[in-house]
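One structure is given here, and the rest of the page talks about it.
Laboratory data are not the source of any read-out in this text; all were calculated from the coordinates shown. Just so you know, these numbers come straight off a predicted model, no measurement behind them. Here the Cβ is made from the backbone with ideal geometry for all residues, glycine too, and neighbour counts use every protein chain on show.
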Amino acid sequence: MDEEELIAWQDALDLIAAGRPGDAACPFCKHRPLTIEEQDGATKISCAKCGKYLHGRFAPY
């Protein structure tokens, strides 16, 4: 994932971290809600409509 994609996901990550995952929309197609899955200690945030996703370990602020 390049830096531009990570920046695009930042608003969704902020909403999820704030406890408002239902407000988070895909930064590419604006679909909501996003799918949030825990996998082997990592988190995958994905869009069911366009298939874009972000996968990694996210530390709290």
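What to note about this one:
- Net charge of neighbours whose Cβ lies under 14 Å from the Cβ of K49, counting Lys and Arg as +1 and Asp and Glu as -1: +3
- Under the combined filter of DSSP loop state and at most 12 neighbouring Cβ atoms within 10 Å, the chain retains these trypsin sites (Lys or Arg not before Pro): K30, R57.
- Phi-derived couplings, Karplus 6.51 cos²θ - 1.76 cosθ + 1.60 at θ = phi - 60°, listed residue by residue for segment 35-43: 8, 10, 10, 8, 9, 6, x, 10, 10 Hz, with x used for Gly and Pro.
- Building the convex hull from the alpha-carbon atoms of the chain and averaging its projection over directions returns 4.0 nm².
- Springs between Cα atoms under 10 Å define the GNM used for the chain, and in it the highest mean-square fluctuation of A42, A12, A25 occurs at A42.
- Here the Gaussian network model covers the chain, with springs between Cα atoms less than 10 Å apart; of G41, G19, G51, G41 fluctuates the most.
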